Amino acid sequence: MNADWTRTIKSVEPRQSGALFLLWSDGTATELAVPVKAEGAPELGDWGHSLVWPDGTELGADSLWLATLTAIGRDDARQFMEWRLANGLSLTRAAEELGLSRRTVAYYSNGTRPVPKAILLACKGWDATHRRRKAA
């Protein structure tokens, strides 16, 4: 995630339902149904940046964080993060492009503050403008 503070997985506990209970380094906790067809229980990957199953299957913390945002009802933050990641924008660059402070972009990216609808619309407008520039 470029120059972002990196959220890591602090612990993982398999549930009988097949879901996983994840505890994140920022204290966020959630139960996720993970679409992995691997046998056995996952363990934390190096420094909590992924989950690794005994057969070598691995899921990165970034994709698990996006799923966590949805699970905790923060689709606004997920949309914002997906926009940033899809466009390779650091916190600083996203702030410059949207006319926001870097801190505000960090709050939106971390799910600390709700992302206003106007900002999500601005992200769509940014995409449309940059698609036209690339096509020209």
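Derivation of every value follows stated rules applied to the coordinates shown; laboratory data play no part. Treat the numbers as computed from the prediction; the structure is a model and nothing was measured. Methodologically, a virtual Cβ is constructed for each residue, glycine included, from the backbone with ideal geometry; neighbour enumeration extends over all protein chains shown.
Please verify whether the range 30-44 includes one or more residues that are surrounded by 17 or more Cβ atoms within 10 Å (Cβ to Cβ) and under 26 Å from Ala122 (Cβ atoms). Among the residues of the range 30-44, not one is surrounded by 17 or more Cβ atoms within 10 Å (Cβ to Cβ) and under 26 Å from Ala122 (Cβ atoms), which makes the answer no. Within the range 45-84, being of a type in the set (A, V, I, L, M, F, W, C), crowded, with 16+ Cβ neighbours inside 10 Å and assigned to a helix (DSSP H, G or I) holds for Ala61, Leu64, Trp65, Leu66, Ala67, Leu69, Ala71, Ala77, Phe80, Met81, Trp83. Name the residues in the range 1-54 that are under 14 Å from the mean Cα position of the chain (by Cα) and of a type in the set (Lys, Arg), would you? Hit for the range 1-54 is Arg7, nothing else.
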